[in-house]
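As structure tokens, the structure follows; a few thoughts come after it.
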Amino acid sequence: MALRVLWKRMAHALDRFHQLAFSPKYLLYTNIGISVGLSMVGDTMEQSYERFIGELPGWNRTRTVRMGISGLTVGLVCHYWYKHLDYLFPKRTYRVVVIKILLDQFICSPFYIAVFFLTMAVLEDNTWEELQQEIRDKALVLYAAEWTVWPLAQFINFLLIKPQYRVFYDNTISLGYDIYTSQVKYRKKPEPREDS
């Protein structure tokens, strides 16, 4: 009997937390928290793999924190982007969903990638030239990956997911993409070969 009461109390507390977290008053904070957390988890998973194959000697906490901070800036972008799209296109018809997907891919994705690299450049104290070079070397790779993952994911997001859960859904799907983003961001350039 006591276990049933405890379970009901816990379920009630979780429901109350859910209602507050996804309410208009706290949604921005929830979205940012989810974005930061999952960006850090994605980087930690990528670093675990890199340690497993011998590319990293140990966990780089600074790198994980930086990826988390990039999640903060990107979480802000996603939160306001989805709100703006839903304001401009409130319906859930197939036509509207396709328009949102195209706008997302052609406007938000390049902006999102630029914000990511800009955030990381500031955190790493890179020069403007280093930022430009990194964007030239890596942004197109990430943008191509965006086209393989996000059109279908956003079709589901814009058609089926309630607006307050869009960033949560986005970040859940993005966990795999965050792992890939971390890999692309921190991959080492191949050493130039010496011809003998």
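Taking every lysine pair in the chain that is 8 or more places apart or spans two chains, those with Cα atoms closer than 30 Å amount to 19. Here the alpha carbons of the range 7-185 define both size measures, Rg and Dmax, at 17.4, 58 Å.
Over the range 18-131, what is the relative contact order in whole percent, taking alpha-carbon pairs under 8 Å and six or more residues apart? Walk me through the numbers before you get to the answer.
On the way: 76 pairs, mean separation 29.6, N = 114.
Once normalised by length, the contact order is 26 percent.
Accessible surface area normalised per residue over the range 38-112 is 57 Å², counting heavy atoms of protein chains with a 1.4 Å rolling probe.
Mean separation of Cα pairs under 8 Å and 6+ residues apart, divided by the residue count of the chain: what relative contact order is that in percent? Numbers along the way, then the final one.
Numbers: 154 pairs, mean separation 56.0, N = 196.
Over the chain, the number comes to 29 percent.
Note on the chain: with neighbouring protein chains present and a 1.4 Å probe, carbon and sulfur make up 67 percent of its accessible heavy-atom surface.
The values are calculated or read from the model by the stated rules, or taken from the named source; none is laboratory data. The structure presented is a predicted model; accordingly, all values stated were derived computationally and were not measured. With ligands, DNA and RNA removed, areas are computed over all heavy atoms of the protein, side chains included. Shrake-Rupley method; radii C 1.70, N 1.55, O 1.52, S 1.80 Å.
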